[in-house]
Amino acid sequence: MPDTAPAETTADPMIEAERITKIYHIKEGLFGAKKEIRAVDDVSLTVRRGETVALVGESGSGKSTLARIILGLTEATSGSVRLQGQDIAGMPDTARARLVQPIFQDPYSSLNPRRTVAEIIARPLHLRGVAASERMKRAQEMMEVVRLPVRLLHSYPLHLSGGQRQRVAIARAMVNRPEVLICDEPTSALDVSVQAQILNLLADLQAEFGLTTLIITHDMAVVHQLAQRVAVLLQGKLVEEGPAAQVLIAPREEYTRALLQAAPRFDMALMDGAAAP
Ligand code: ADP
Ligand code: MG
């Protein structure tokens with residue numbers, strides 16, 4: 001369990017989601033009545049500077065919807081989001097992008113196949129009007145940050161492995177030095193052998209840049225490695241929230257217990273203080 005990050009309640013709140021609700025209206029069949037889905041139902045969540053919070057819950061529980069609302073990619077039906085104290089409603093895209101960046105599950109579909117790695121990583125700089133020579137320099141630096149060989153700057157995503165693609169996505173997310181990362185199942189599309197490397201990289205970046213992270217995952221080993229706190233969603237509602245150690249070892253909710261038991265790679269021997277097998 002990482003215990004070095006400042007998880008104290010005195011650190012500045014970096015993400016403040018307040019009473020977020022998202023209702024989707026879907027039509028059932030061609031002439032069907034409209035049905036209401038409460039994808040997120042009155043959820044409030046605060047993540048403080050330097051903290052990593054894991055958001056867990058079964059498929060369809062509203063995790064990605066909440067993440068997209070915090071990222072400003074989906075509009076909430078009601079509720080508000082503040083990033084570093086500023087309401088994201090009406091915040092210019094460029095300002096929001098410098099505060100918060102996403103890392104998604106599938107690093108292939110999130111990378112433009114027609115752009116080189118250098119172009120992909122430097123794209124956020126390009127959009128800000130940074131000159132070409134400076135962009136190349138920054139792209140090179142970012143390759144070091146995510147531990148990729150500089151020669152790959154001229155490659156296309158098609159020629160990279162899944163792990164390398166996710167490193168490129170991380171480099172692009174980090175190029176503007178954001179305060180907050182929102183990671184939506186960042187390793188679940190990768191080979192198991194590569195997952196640990198990407199998690200180690202994320203852990204190192206958190207420590208090096210003092211990032212604040214919200215990470216969505218199914219994998220309790222991820223929670224164990226990266227998170228100080230865990231928030232549990234069930235059918236759009238926040239049903240449990242607490243220190244990772246407490247939630248992993250002594251969940252209050254039956255649903256959380258079931259999630260833990262169903263989780264891949266969850267092994268009690270991983271737990272600090274648990275007896276070795
Ligand atoms: P999770 O990431 O936990 O699997 P999601 O946030 O993707 O859950 O989805 C929560 C609920 O909202 C699901 O019932 C899903 O079908 C529904 N949903 C998500 N996005 C949309 C959308 N764009 N239109 C209609 N329903 C949606
Ligand atoms: Mg999802």
If you go through the stretch 33-49 one residue at a time, do you hit one that is at pLDDT 95 or above, over 13 Å from Asp184 (Cβ atoms) and part of a loop (DSSP other than H, G, I, E, B)? yes
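Which one is nearest to the chain's Cα centre (by Cα) among residues in the stretch 172-186 that are β-branched (Val, Ile, Thr) and more than 16 Å from ligand 1 (Cβ to nearest atom)?
The initial filter retains those residues of the stretch 172-186 that are β-branched (Val, Ile, Thr), namely 175, 180, 182.
Narrowing further to those that are more than 16 Å from ligand 1 (Cβ to nearest atom): 175, 180.
Values: Val175: 16, Val180: 9 Å.
Among those residues, the one meeting the criterion is Val180.
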Can you name every residue in the stretch 40-49 that is away from ligand 2 (no atom under 16 Å from the Cβ) and buried (at least 24 other Cβ atoms within 10 Å of the Cβ)? Val47
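Could you check the stretch 196-216 and list, in sequence order, the residues that are in a loop (DSSP other than H, G, I, E, B) and open to solvent by 10 Å² or more (accessible area, probe 1.4 Å)?
From the stretch 196-216, those in a loop (DSSP other than H, G, I, E, B) are 210-211; that's our starting set.
Gly210 - this is the single residue of the stretch 196-216 that is in a loop (DSSP other than H, G, I, E, B) and open to solvent by 10 Å² or more (accessible area, probe 1.4 Å).
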Filter the stretch 241-266 for residues that are under 21 Å from Ser188 (Cα atoms) and in a loop (DSSP other than H, G, I, E, B); which is least open to solvent (accessible area, probe 1.4 Å)? Ala263
So which residues in the stretch 226-240 are surrounded by fewer than 20 Cβ atoms within 10 Å (Cβ to Cβ) and in contact (Cβ under 8 Å) with a residue 60 or more places away in the chain? Leu234, Gln235, Lys237
Please specify each residue of the stretch 59-103 satisfying the condition of being in contact with a Lys or Arg (Cβ under 7 Å, 6 or more places away or on another chain) and under 12 Å from Ala39 (Cβ atoms). Thr65, Ile69, Thr74, Ala76, Thr77
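Does Glu185 satisfy being within 19 Å of Leu71 (Cα to Cα), more than 16 Å from ligand 2 (Cβ to nearest atom), acidic (Asp, Glu) and in contact (Cβ under 8 Å) with a residue 12 or more places away in the chain? Explain how you work it out, then say what you get.
Details: within 19 Å of Leu71 (Cα to Cα): yes; more than 16 Å from ligand 2 (Cβ to nearest atom): no; acidic (Asp, Glu): yes; in contact (Cβ under 8 Å) with a residue 12 or more places away in the chain: yes.
For Glu185, the condition - within 19 Å of Leu71 (Cα to Cα), more than 16 Å from ligand 2 (Cβ to nearest atom), acidic (Asp, Glu) and in contact (Cβ under 8 Å) with a residue 12 or more places away in the chain - is not met.
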Let me spell it out: the conditions are (1) out of contact with any Phe, Trp or Tyr (no Cβ under 7 Å at 6 or more places or on another chain); (2) within 16 Å of ligand 1 (Cβ to nearest atom); (3) at pLDDT 95 or above, and Asp106 meets all of them except one. Which number is the exception? (3)
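Given the criterion open to solvent by less than 20 Å² (accessible area, probe 1.4 Å) and either in a helix (DSSP H, G or I) or on the phi > 0 side of the Ramachandran plot (or both), identify the matching residue among Ile182, Ile170.
Values: Ile182 fails: either in a helix (DSSP H, G or I) or on the phi > 0 side of the Ramachandran plot (or both).
Only one candidate passes the filter, namely Ile170.
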Only one of Ala189, Ala196, Ala169, Ala231 is farther than 29 Å from Leu127 by Cα and either modelled with pLDDT of 95 or more or within 15 Å of the chain's Cα centre (by Cα) (or both). Can you tell me which? Ala231
Exclusive hit being in contact with a Ser or Thr (Cβ under 6 Å, 6 or more places away or on another chain) and within 12 Å of ligand 1 (Cβ to nearest atom), set Ala67, Ala39: Ala39
Residue within the stretch 196-216 that is of a type in the set (A, V, I, L, M, F, W, C) and over 30 Å from Ala95 (Cβ atoms) present: yes
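The values are calculated or read from the model by the stated rules, or taken from the named source; none is laboratory data. This structure is a prediction, so every number in the text was calculated from the model and none was measured. Using ideal geometry, Cβ is built from the backbone for each residue, glycine included, and neighbour counts are taken over all protein chains shown. For accessibility, only protein heavy atoms count, side chains too; no ligands or nucleic acids. Shrake-Rupley method; radii C 1.70, N 1.55, O 1.52, S 1.80 Å.
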